[in-house]
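I have placed the structure first, in the form of structure tokens, so that the comments after it can refer back to it.
The values are calculated or read from the model by the stated rules, or taken from the named source; none is laboratory data. Note that the structure is a prediction, hence the values are computed from the model and not measured. Cβ placement follows ideal geometry from the backbone for every residue including glycine, while neighbour counts extend to all protein chains displayed. These accessible areas exclude ligands, DNA and RNA; they are computed on the full protein's heavy atoms, side chains included. Shrake-Rupley method; radii C 1.70, N 1.55, O 1.52, S 1.80 Å.
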Amino acid sequence: MAASSRSGVSGKIWLLATGIVIAIAVYTGGWFYAASLLKEQTLALLGSQEKNGISAECSDAEYRGYPFRIGLFCSKVAVDDRQNGISGTFGALRSAAQVYNPGHIVWELDSPIEMRTSHGLTLSTTWENFQSSLSTKLSGVERAAFVIDNSKTSIVSTTTDQAFDISAAHTEIHLRQNGPDLDAALSLDQTNTAMKGLPRVLPQLNASLDVTLAGRAGMIDGSDPNGIALHGTKGQLRTLTADLGQGRLLTVSGPFSFDDRGYLSGKLRLKIEQIDAWRNSISEAFPEIAPTLETAAKMLSALGGGKNASLDLTIRNGKVMAGGFIQIGEIPPI
């Protein structure tokens with residue numbers, strides 16, 4: 001090969017190498033510029049809710065993931081919704097999005113969670129694994145999914161002196177904006193519930209929830225001025241199920257609403273399968289109300305004509321009435 005040909009090839013190689021180096025340098029500079037900009041915007045977004053009485057903190061915020069990912073990392077997360085009287089602290093946050101698809105974000109959160117409300121509810125939760133994914137659009141978050149393994153939650157109400165623990169082997173939560181509304185679905189597998197200080201007496205169950213909250217699409221990304229509080233919210237409960245196994249299935253559906261004080265109202269349809277089995281399970285857990293349960297089971301059997309029954313429940317400001325006029329219980333405000 002002639003010297004001129006070799007020098008021409010060498011020149012092209014050097015030109016290509018120089019172009020690659022320049023491209024890498026530009027990409028690197030762009031990545032770190034974008035990370036810096038995103039950090040500033042994140043902190044600004046957290047501070048932008050102050051006018052709504054909501055403050056949020058992402059401790060030691062920084063973006064990582066170079067070269068192919070970009071994600072926000074925080075050593076601790078805290079939220080204080082002063083307007084609705086809700087505050088919470090969370091563990092470390094780790095997130096990531098592919099550079100070529102920044103609208104799809106996956107993230108992990110460490111336990112524990114500590115939350116308190118001005119209505120006297122305190123909640124603390126731990127878990128072994130918490131993973132989530134978000135699908136965003138220009139105006140905010142469009143979809144979100146959460147998967148939690150081996151969670152343990154303690155709930156205490158100072159207003160009713162009730163305290164109980166809930167554990168679940170597997171939990172999934174799915175949220176979706178549906179126009180101005182929020183669609184939410186929840187499933188709990190192998191769930192155990194126990195009153196505080198007592199052994200578990202209720203059988204293990206699986207539960208699921210499918211609900212729409214009217215006008216609350218902004219709850220999914222924090223843009224709702226009411227935060228996550230349900231006061232003044234209306235919705236449609238498509239289905240709430242509790243399955244104890246062996247055919248013991250309970251289903252609730254219907255419209256509902258919460259007033260400004262947090263009291264529940266609604267017209268719900270209750271369906272119970274295997275009434276006697278439910279009676280026996282609850283009687284074992286709460287023997288002191290066994291006679292009342294026996295009477296209720298007989299009434300439900302008469303209404304349903306056998307082992308299964310359907311009953312219309314009317315709830316007015318927390319008071320639960322069967323048939324619209326017989327009060328059978330009361331639900332405290334949220």
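The stretch between Ser118 and Arg64 holds 15.8 nm of extra length on full extension. This uses 0.36 nm per residue minus the Cα-Cα distance.
Taking Cβ atoms as reference points and 12 Å as the exclusive limit, the residues near Glu128 contribute a net charge of -2, counting Lys and Arg as +1 and Asp and Glu as -1.
For the range 224-283, the Kirkwood hydrodynamic radius comes to 13.4 Å, computed from all pairs of different C-alpha atoms. Dividing the Cα radius of gyration of the range 134-291 by 2.2 N^0.38 Å, with N the residue count, gives 1.17.
Separation of the alpha carbons by more than 23 angstrom is noted, of Lys76/Lys137; Lys271/Lys307; Lys234/Lys319; Lys271/Lys298; Lys271/Lys319; Lys234/Lys267, for Lys76/Lys137.
With the whole protein complex present, Glu108 retains an accessible surface near 60 Å², based on a 1.4 Å probe.
Cα-based values for the range 51-133, radius of gyration first and Dmax second, are 14.8, 47 Å. Our analysis of the range 85-220 gives Rg over Rh at 1.00, with the two radii drawn from alpha carbon positions and Rh computed by the Kirkwood formula. The charge dipole of the range 62-220, taken about its Cα centre with unit charges on the Cβ of Lys, Arg, Asp and Glu (plus for the first two, minus for the last two), comes to roughly 260 debye. Of all aspartates and glutamates in the structure, those lying under 15 Å Cα to Cα from Lys152, and not within fewer than 8 positions of it along the same chain, are Asp110, Glu114, Glu128, Asp165, Glu172, Asp189. Given R0 = 30 Å, the distance between the Cβ atoms of Asn280 and Ser208 translates into a calculated FRET efficiency of 0.80.
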